[in-house]
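**Student:** The structure follows.
The values are calculated or read from the model by the stated rules, or taken from the named source; none is laboratory data. Everything quoted here is computed from the prediction, not taken from an experiment. Because the Cβ atoms are built from the backbone with ideal geometry, glycine has one as well, and the counts that use them run over all protein chains shown. Surface accessibility is based on the protein's heavy atoms, side chains included, excluding ligands, DNA and RNA. Shrake-Rupley method; radii C 1.70, N 1.55, O 1.52, S 1.80 Å.
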Amino acid sequence: MAWPVGTIKVPLAGWQVTDWSLPGPGIWGLAGPNGSGKSQFFSQLVAWGNKPQGLRVGLVMQNPRLQLTEATVWDQMTWPFQRGWSGRMKPAVATRAEQILAEWHLENYRTSAPWELSGGMQRRLALASMEILAPEVYLLDEPLEGLDLEHRVLLDTKLDQWSKTASVLVSSHVWQWLLVHTEWGWWCDQGLTWGRMGEIWYQHGLSPELPLEALWRRLLDKGAPVTPEAWANLERARNEVICICQNSHQIPSIP
Amino acid sequence: MILDRVVVSYPAQLHPALGPLDLTIREGECVFITGPNGSGKTTLARVLSGVMQLTSGRITNGAGEDIADWAPGYVGWVQQNPIGQMVGTTVAEDISLGPRWLSSTLDQVRRKTSAALTEFRLESKGNQSIHALSGGWQHQVALAAVWAQDPGIIILDEPDTMLDRHGLGRLMRWIQHLRQRGSTLLILGHNPRWMVVADRTAVLDHGVWAHDPGPIPIPDQEWVSFVDGVFGDNTRNLSVCEVSERIWPGQSAR
């Protein structure tokens, strides 16, 4: 379901958007320089008055520590479902909380205080405690930060699952990851500009960090028929270049 | 810096968060320490920077001085969560705290603070409140504050967190400068880019050195795989320009 938000003001960065809406199920990207207002935009989205009644919106903040408010990992997962002083909840909720904690490899930390966890574990707990709410809209502000390789792969799997039924808005400075997961999104700098993420990278991605990224920028600058986002996927990049070489009769070896 | 059978435990935890751990870092060496979430990287940073006590073991420098006797400001630590190390109300005030503590004249404080603001392109933000900054800019303020402190040993805990390409570029230039100057560097994190920067890589797992770190991809492997896959073996040393010329000869239209 698309989320028609309307006007959003981002006061510290000094810009606003009108008639803004988040499209329906899928993963949508948000990129922009430091200080452009991406995190404020996320905060404004969840602000009171912007959400239609009943819409479940889950936010994982850039600094997840700020949203971990409960005394234990278990309480952090289950507090929205606890009823009254007894803290009782439906058995199905407890089972689901157990399952999600196990998936994020936090099952052995149920009684730990969230602030005792490492930075990466805090990120995982914030993601897990959002997942249990089954949001219709996921707002993920730099979700990769602090995650080790194993849990980046897990996040990728979860994103694929979530985006089948929910709108997922992700911000990141890791272009390679952003281009693999998002086809469309916004460039954030004095406002929001909608476009294909590959084009956004090409227009605003600044100096390349990886050799393949540098090659792609160079090929695009020369007008070569490559798609801007292909460099982020090794297989796709190789296929596009082999195709160009074959068309120009310099047949490269095909592995 | 010599870590000798270092053990660190948190209260109410059955197993030590770190150790027993041995490590020797030579002066001027750059070591990248990686490992899964919760493996003890940040705990290691805490003990080396002196904010946390050892449960047992010893940390000394090459002269045999115990860590408790090291000069103030000798170790600088850029934390994973930069807001955790900020105590100044404005950017300039926060950056100046290290120099205020360690310099002998106010003029030195001003010079070091001003140089740090310039180095990290923070001149226009000097009077802004720390809390009005984005996460990425807060991280750059933390980097600038340690830059101004000018420590002998620098610990960077996930220093690329939240940085855009400009910020990453400034960080890389600073690291390059530190390496040329012979500073001792300890980089903690997950990004394989640091394997290329560092002299060596060590892997922590459950608080101890992993016996078999396993294959860790380094960024250039992707490039090698791409070039080999397109042009065959023995072409992996081609530069980006040469590969570009083979694929689509000609000059840039931009």
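**Student:** Largest first and to the nearest Å, give the Cα extent of the protein assembly as shown along each principal axis.
**Tutor:** 69, 62, 49
**Student:** How big is the Kirkwood radius of region A:131-255, worked out from every pair of different alpha carbons and given in Å to one decimal?
**Tutor:** Result for region A:131-255, one decimal place: 16.3 Å.
**Student:** Give the shape of region A:133-193 as rounded, prolate or oblate, defined through the alpha-carbon gyration tensor: a ≥ b ≥ c are the square roots of its eigenvalues, a/c under 1.5 means rounded, and otherwise the shape is prolate if a/b is larger than b/c and oblate if not.
**Tutor:** Taking the square roots of the gyration eigenvalues as a ≥ b ≥ c, region A:133-193 is oblate.
**Student:** Based on a Kirkwood Rh over C-alpha pairs, give the Stokes-Einstein translational diffusion coefficient of region B:1-93 at 20 °C and viscosity 1.002 mPa s in µm²/s.
**Tutor:** After rounding, the answer is 146 µm²/s.
**Student:** What would the Debye formula give as log10 I(q)/I(0) at q = 0.16 Å⁻¹ for the alpha-carbon point model of chain A, no solvent?
**Tutor:** One equal scatterer on each Cα of chain A leads to -1.21.
**Student:** Pop out the carbon and sulfur fraction of the accessible area of region A:8-116 as a percent, whole number, probe 1.4 Å.
**Tutor:** The computed percentage sits at 53.
**Student:** Taking only C-alpha pairs under 8 Å that are 6+ residues apart, what is the relative contact order of chain A in percent?
**Tutor:** Worked out over chain A, it gives 23 percent.
**Student:** On average, how many beta carbons from a partner chain sit within 10 Å of the beta carbon of a residue in A:33-41? The partial results should precede the final answer.
**Tutor:** Working: counts 7, 15, 11, 3, 1, 3, 4, 1, 0.
Mean shielding by partner chains, rounded to a whole number: 5.
**Student:** Give me the 1.4 Å probe accessible area per residue for chain B, excluding ligands and nucleic acids, in Å².
**Tutor:** Numbers: 12020 Å² over 254 residues.
Accessible area per residue, chain B: 47 Å².
**Student:** Interface B/A, total buried accessible area with a 1.4 Å probe, nearest 100 Å²?
**Tutor:** 4100
**Student:** With N residues in region B:128-251, what two-decimal value do you get for its Cα radius of gyration over 2.2 N^0.38 Å?
**Tutor:** For region B:128-251, the normalised Cα radius of gyration is 1.36.
**Student:** Using a 1.4 Å probe on protein heavy atoms, which residues of region B:128-152 have at least 30 Å² less accessible area in the complex than alone?
**Tutor:** B:132, B:137
**Student:** What nm value, rounded to one decimal, do you get for the distance between residue B:206 and residue B:177 when each label is placed 7 Å out toward the C-beta?
**Tutor:** 4.3
**Student:** Follow-up question, since we're still on this one. Count, for each residue of A:108-119, the Cβ atoms from other chains sitting within 10 Å of its Cβ, then give me the mean as a whole number.
**Tutor:** For this peptide, the per-residue mean of nearby foreign Cβ atoms is 3.
**Student:** Still on this model: Counting only heavy atoms of protein chains, what accessible area per residue, in Å², does region A:207-255 have with a probe of 1.4 Å?
**Tutor:** Spelled out: the 1.4 Å probe surface of region A:207-255, per residue, equals 45 Å².
**Student:** Given the rule -39500 (n - 2.57) for each run of at least 4 DSSP H residues, summed and divided by the residues of chain B, what is its mean residue ellipticity at 222 nm, to the nearest 500 deg cm²/dmol?
**Tutor:** Working: 8 runs with 92 residues, N = 254.
Estimated from H runs of four or more residues: -11000 deg cm²/dmol.
**Student:** A further question follows. Based on the inverse mean of 1/r over its pairs of different Cα atoms, what is the Kirkwood hydrodynamic radius of chain B, in Å?
**Tutor:** 20.2
**Student:** Continuing with this model, one more query. Using only the alpha carbons of region A:46-150, determine the length spanned along each of the three principal axes and report them from longest to shortest in whole angstroms.
**Tutor:** Dimensions of region A:46-150 along the principal axes of its Cα atoms: 36, 33, 20 Å.
**Student:** Take the Cα atoms of region B:72-151, find their three principal axes, and give me the spread along each one in whole Å, biggest first.
**Tutor:** 33, 25, 20
**Student:** While we're on this one: Going down the list A:90/A:158; A:9/B:125; B:41/B:112; A:38/A:164; A:90/B:41, which pairs span over 32 Å between their C-alpha atoms?
**Tutor:** A:90/B:41
**Student:** Starting from the Cα of residue A:55, step 7 Å along the direction of its Cβ; do the same at residue A:239; then give the gap between the two resulting points in nm.
**Tutor:** Once both label points are built, they end up 3.6 nm from each other.
**Student:** Next up: In the protein assembly as shown, what percentage of the DSSP-assigned beta bridges are antiparallel, given to the nearest 5?
**Tutor:** Details: 24 of 58 bridges.
For the protein assembly as shown, the DSSP antiparallel bridge percentage is about 40.
**Student:** Moving to a separate point now. When Cβ neighbours within 10 Å are restricted to other protein chains, what is their mean count per residue of peptide A:207-220?
**Tutor:** 6
**Student:** Let me ask another. For region A:207-255, take the alpha-carbon Rg, divide it by the Kirkwood Rh, and send me Rg/Rh. Write down the numbers at each step before the final one.
**Tutor:** Working: Rg = 10.8 Å, Rh = 11.2 Å.
Value, to two decimals: 0.97.
**Student:** State, to one decimal in nm, how far the label point of residue B:239 lies from the label point of residue A:46, with both points 7 Å from Cα in the Cβ direction.
**Tutor:** Going from the residue B:239 label point to the residue A:46 one covers 4.8 nm.
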